[in-house]
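Take a look at the structure set out below.
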Amino acid sequence: MVKYTVSALIVGLFIGILDLNIDLLNLITQNTDLILYILMFSVGISIGMQDGVLTKIKQFNIKIFIIPFGIIIASFFAGIICSLLTNIPYNYSMAITSGMGWYSLSGATLSKLVNSSIGSIAFLSNLMREIFSFFIIPFIAIRFNYYTCIAPAGATSEDTTLPMMLKYTDEHTVVLSVINGIICSFFVPILISICLNLPPL
């Protein structure tokens with residue numbers, strides 16, 4: 001699955017660079033939200049077909065917040081470390097890592113609120129996080145445990161990296177993955193705003 005995903009990404013990059021005018025591709029790019037909804041609908045059916053899925057969600061209870069909050073805290077620490085390594089102001093660096101893989105939102109937001117350079121860094125770093133997740137998730141699933149697979153995916157665990165969860169983990173992890181993605185995605189714009197308003201050192 002990884003090789004198909006990466007191949008699709010590379011082909012898509014070349015088509016985008018060449019700016020080919022293909023009706024089907026234009027239709028897809030103009031309806032990305034609809035495609036995402038279809039994906040989520042299909043995932044919902046897949047999860048719903050699992051026996052006792054609602055009971056499992058109730059069993060998780062407050063535990064469903066442990067993973068997303070852990071990801072958020074780790075993203076903050078990563079931002080601080082990156083700030084020390086790159087000399088980017090710590091609040092900008094933390095705002096970049098607060099994107100948690102949601103490159104389209106974080107890139108556009110920081111380009112508007114800060115400048116195009118910071119926005120470009122946010123776009124590329126969060127895009128790289130998503131791409132690396134495709135490679136890391138299978139390794140983590142084998143070497144560690146299924147729940148750990150959610151961490152690198154961050155906010156993308158409910159959409160783009162969800163097929164990897166379906167492929168390499170179990171239904172418990174998939175349920176947590178969707179919930180994690182929803183929670184992280186909800187907090188991304190809030191955290192970016194908070195980080196940008198932190199006092200400079």
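Tabulated results
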{"item": "Region 31-196: translational diffusion in µm²/s, Stokes-Einstein, Kirkwood Rh over Cα pairs, 37 °C, 0.692 mPa s", "result": "202"}
{"item": "In sequence order, calculated HN-Hα J values of region 159-172 (Karplus, 6.51, -1.76, 1.60; Hz; x Gly/Pro)", "result": "9, 5, 8, 4, x, 5, 5, 4, 6, 10, 10, 10, 5, 4"}
{"item": "Low-density loop positions, chymotrypsin sites (Phe, Trp or Tyr not before Pro), region 70-150 - DSSP coil, at most 15 other Cβ in 10 Å", "result": "PHE144"}
{"item": "Total charge dipole magnitude, region 44-201, about the Cα centre, Cβ charges on Lys, Arg, Asp, Glu only, Debye to nearest 20", "result": "180"}
{"item": "J(HN,Hα) series, region 80-91, from Karplus relation 6.51 cos²θ - 1.76 cosθ + 1.60, nearest Hz, glycine and proline x", "result": "5, 4, 5, 5, 5, 7, 10, 6, 6, x, 4, 6"}
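A short reminder: the numbers here are calculations on the coordinates, not readings from a lab. Please read these numbers as outputs of a predicted model, since none were measured by experiment. We place every Cβ from the backbone using ideal geometry, glycine too, and count neighbours over all the protein chains shown.
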